[in-house]
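A short write-up of the structure that comes next.
Just so it is clear, none of the values below were taken in a lab; they were calculated from the coordinates. Only a predicted model underlies this, so the values are computations on that prediction, with no experimental measurement involved. Neighbour counts are summed over all protein chains in view; Cβ atoms, including those assigned to glycine, are modelled from backbone coordinates with ideal geometry.
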2 protein chains.
Amino acid sequence: MNSIIKLKSRPVGLPKVSDFEFVTEEKPVVGEGEILLKTKYVSVDPYLRGRMRDVKSYIKPFQLNEPIESGIVAEVISSKNTNFKEGDFVNGMLDWKEFQISSGNGLNKVDVNKASLSAYLGIFGLTGLTAYISLDKIADLKVGETLLVSGASGAVGSTVGQIGKIKGCHVVGIAGSDEKLALMKDKFGFDNGINYKTTDDIQKAISNACPNGVDVYYDNVGGEVLDAAMNNINKNGRVINCGAISMYNETELPIGPRYEGILVRKTVLMQGFLVRDHVKEFGPAVQQLAQWVQEGRLTYEETIVEGFENIPQAFIDLFSGKNKGKMVVKVY
Amino acid sequence: MNSIIKLKSRPVGLPKVSDFEFVTEEKPVVGEGEILLKTKYVSVDPYLRGRMRDVKSYIKPFQLNEPIESGIVAEVISSKNTNFKEGDFVNGMLDWKEFQISSGNGLNKVDVNKASLSAYLGIFGLTGLTAYISLDKIADLKVGETLLVSGASGAVGSTVGQIGKIKGCHVVGIAGSDEKLALMKDKFGFDNGINYKTTDDIQKAISNACPNGVDVYYDNVGGEVLDAAMNNINKNGRVINCGAISMYNETELPIGPRYEGILVRKTVLMQGFLVRDHVKEFGPAVQQLAQWVQEGRLTYEETIVEGFENIPQAFIDLFSGKNKGKMVVKVY
């Protein structure tokens, strides 16, 4: 038999496990030109929350009573497609199913000898690509500049901070526990960290940790942390709006201080970023990331949850920051 | 004798004439290497309001009991500087004085045969340069795209809209009277206009006037008009934050809807712009503007107030939109 996770109801506020439905079906049979895939690792990511809303966005919303999809590494266990053979591993956007049929379109083979399977969902997957390509396209990091990162112990943030160090920046991270701060400094080489949960004045904490102001703010969270960063931004500062996890579960339109005065006065750039818009650059970006990993200049952390049945809870746990580094679910 | 306008008190909210002080002094005497200037035209601009606050910004605040400065075209009436001769006209940042001494540093000679003196404060001055250089650097206008402009009948906005038409865009302007809308369409060739004062739903009005959404929003006003534009922005939209006149007289920190969700979802760029950062590009930009004017593709409007004593009121009138096109004061 085959287990499938569908969207049962559109979450209101923080998603609940009961917003998802587990359905059991017959294991599918492979047809001509198709491959049968067995799910190995499932990526859970904050942006999936956006697809659970019924609003027009850059990618179509999940439909009720249909499977969720996300980044998945799977094994080809049966093939009637000449491009794939049994035992191949592939990476792509796939459904939350234990087993599924694919035409092979949109899937990339991954080399199990070069990196762990889960790394293809993290440092060599969309999260690593997000960090690398967004910095490359938008940040224009210069030696000696200050890079501030929120969600800094997360999958994207930890990679961003390390690239900042490779580029010669003063790197400061914002995260939600002292354990995460220690990880940022000890494992990822950040210069300084701020625990936003125990700081009563985040704006002041940023100005203390960034004595020369903030040249580039890499935002994964939005909200009051973004406000505090904007109040510390330097002339010609750049803000990369990569995510806004603090707002994804809001049920009312959030309000906050207006930025247009700062934008004009300090000629600040804010630029939203979605890695899917940059598919053509994935190849060279992965090569650079792989080289840095090989040279020991870039490392990564994973939080691996086991069991297909735990995918929804792992996803929900992202919003309380239970993960360090990339959150993945190991299925088989 | 010589009349001078000094900042008497830092304005709270909308500036009042009593925030300025008229002082009479002896007419200055030109020294070795200096020139004596007679003020012909004075530019009044919304950004001067920012310099009346005692806050660190891109340019140092005006000091109390010191003269205000702005863009001025003046005549050299006496010269002990070999670079200038009597009868030359110059353009630069000068004090609000009828007569003043200068070393000549930072002044550019202007050719009275090529354009009217006041045009060097408008279409061939910082306002024309602002429109041209900001669009050139940030907007990446493409044929068929929709360009929305606020403050559209003003000095910068009217030039922006016309450049948008030259670039083949669908151009929609927002202004504060039906007379201004008529000017935008009849004189400047805008495709459509919105009177924000008589529209009860500005967001809806934008979506009606921009059926394909907004690709580039050129913001001179900030506030609720910016909010409405953001709610109509297209994927990969660009927002040029050139000014925020609606906020310049605010005494409390303005709040509004948060934009980070839209920035991420639609990969929008917002970029603050100050023309002073781009001095190196002034030469080629003026050449292009002059060519378009000569070809009849670019025109301009001026609101000329007469009399040195009316400079403060002309400045204050900017905030109620009394000007059409560039507001200048003719002194002599």
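For a Förster distance of 45 Å, can you work out the FRET efficiency between the beta-carbons of B:Lys114 and A:Lys280, rounded to the nearest 0.05? Approximately 0.45, to the nearest 0.05. Between A:Lys38 and B:Glu295, the modelled label-to-label distance comes to 6.7 nm, taking each label 7 Å out from Cα in the direction of the beta carbon. Once backbone amide H atoms are built at 1.01 Å from N, A:Arg258 has B:Ile255, B:Gly256 as its partners under 5 Å, excluding neighbours fewer than 5 places away on the same chain.
Distance from the Cα centroid of the stretch B:216-280 to that of the stretch A:283-305 is 36 Å (rounded to whole angstrom).
When only DSSP loop residues count, what trypsin sites (Lys or Arg not before Pro) in the stretch B:211-320 have their Cβ near at most 13 other Cβ atoms within 10 Å? Could the numbers behind the result be given before it?
Details: sites: B:Lys235, B:Arg238, B:Arg258, B:Arg265, B:Lys266, B:Arg276, B:Lys280, B:Arg297; in loops: B:Arg258, B:Lys266, B:Arg297.
Here the sparse-neighbourhood loop sites are B:Arg297.
Annotation for B:Leu14, label-to-label distances across the other copies: 4.8 nm (shortest first, one decimal, point 7 Å from Cα along Cα→Cβ). Label separation (A:Ile101 vs A:Thr24): 2.2 nm, computed from points 7 Å beyond Cα along the C-beta direction.
Among the listed pairs A:Lys38/A:Lys114; A:Lys167/A:Lys280; B:Lys114/B:Lys324; A:Lys280/A:Lys330; A:Lys8/A:Lys197, give every one whose C-alpha distance is greater than 31 Å. All intermediate terms of the calculation are to be shown ahead of the outcome.
On the way: A:Lys38/A:Lys114 21 Å; A:Lys167/A:Lys280 23 Å; B:Lys114/B:Lys324 23 Å; A:Lys280/A:Lys330 29 Å; A:Lys8/A:Lys197 33 Å.
Violating the 31 Å limit, Cα to Cα: A:Lys8/A:Lys197.
Against the compact-protein benchmark of 2.2 N^0.38 Å, the Cα-based radius of gyration of chain B scales to 1.02. With each label modelled as a point 7 angstrom along the Cα→C-beta vector, the B:Glu306-B:Glu66 pair spans 3.4 nm. Label-point spacing for B:Asn65 across the identical copies (point 7 Å from Cα in the Cβ direction), in nm and ascending order: 8.0.
The alpha-carbon of A:Lys204 sits under 16 angstrom from the alpha-carbons of these aspartates and glutamates, leaving out residues fewer than 8 places away in its chain: A:Glu224, A:Asp227. Shown here is the pair-distance distribution of the protein assembly as shown: with all Cα-Cα distances grouped in 10 Å bins from zero up to the longest one, the shares run 3, 14, 22, 21, 17, 12, 7, 3, 1, 0 percent.
Give me the Kirkwood hydrodynamic radius of the stretch A:126-276, using the inverse of the mean 1/r over all pairs of distinct Cα atoms, in Å to one decimal.
On the way: mean 1/r = 0.0663 Å⁻¹.
Averaging 1/r across every pair of different Cα atoms and inverting gives 15.1 Å.
Translational diffusion coefficient of the stretch B:253-332 at 4 °C, 1.567 mPa s, Stokes-Einstein with Kirkwood Rh over Cα pairs, in µm²/s as a whole number. Once the numbers are plugged in, D ends up at 77 µm²/s.
Distance from the C-alpha centroid of the stretch A:122-173 to that of the stretch B:62-82: 48 Å, rounded to the whole angstrom. For A:Lys266, a cut-off of 17 angstrom between C-alpha atoms picks up these lysines, skipping any fewer than 8 places away in its own chain: A:Lys235, B:Lys56, B:Lys60, B:Lys137.
Just to be sure I understand the curve: with the Debye formula and one point per C-alpha of the stretch A:39-141, what is log10 I(q)/I(0) at q = 0.11, 0.12, 0.21, 0.23 Å⁻¹? Calculated log10 I(q)/I(0) at the listed q: -0.40, -0.48, -1.16, -1.26.
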